[in-house]
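Beneath this line is the structure, given in structure tokens, with notes to follow.
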């Protein structure tokens with residue numbers, strides 16, 4: 001059995017475009033949910049820096065996560081969402097190092 005893969009993206013949104021981003025966010029998340037291997041998505045907003053977000057996404061496999069990212073970069077319905085960003089702070093794929101859930 002293959003372990004799920006967790007994708008973590010920390011990014012900033014241009015302050016002057018924050019309202020537009022917040023309007024596009026649900027549409028973007030709905031588009032991401034359609035990609036093969038999608039399991040869940042959580043989006044967090046920083047209390048200290050309200051234009052900083054963390055997206056935490058679970059995929060069935062690393063291959064699914066990588067393919068979804070490739071498709072997302074070229075998806076017309078996600079173009080505006082990406083254009084409102086102000087840079088990625090970190091992006092990576094992770095798997096659990098634990099043998100049991102805590």
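Relative to the dominant Cα principal axis of the chain, helix 62-74 is inclined by about 20°. The stretch 60-83 and the stretch 1-45 have Cα centres lying 10 Å from one another.
Normalised Debye scattering of the chain at q = 0.14, 0.24 Å⁻¹ gives log10 I(q)/I(0) of -0.55, -1.40, counting only Cα atoms as equal scatterers and leaving out solvent.
How high is the relative contact order of the chain, in percent, with contacts defined as C-alpha pairs under 8 Å that are six or more residues apart? Dividing the mean separation by the residue count of the chain yields 47 percent. The angle separating the long axis of helix 18-32 from the principal Cα axis of greatest extent in the chain is about 30 degrees. DSSP bridge analysis restricted to the stretch 5-94 gives an antiparallel fraction near 100%, rounded to the nearest 5.
Every number in this text was worked out from the coordinates using simple rules, so none of it is lab data. Because the structure is a prediction, the values reported are computed rather than measured.
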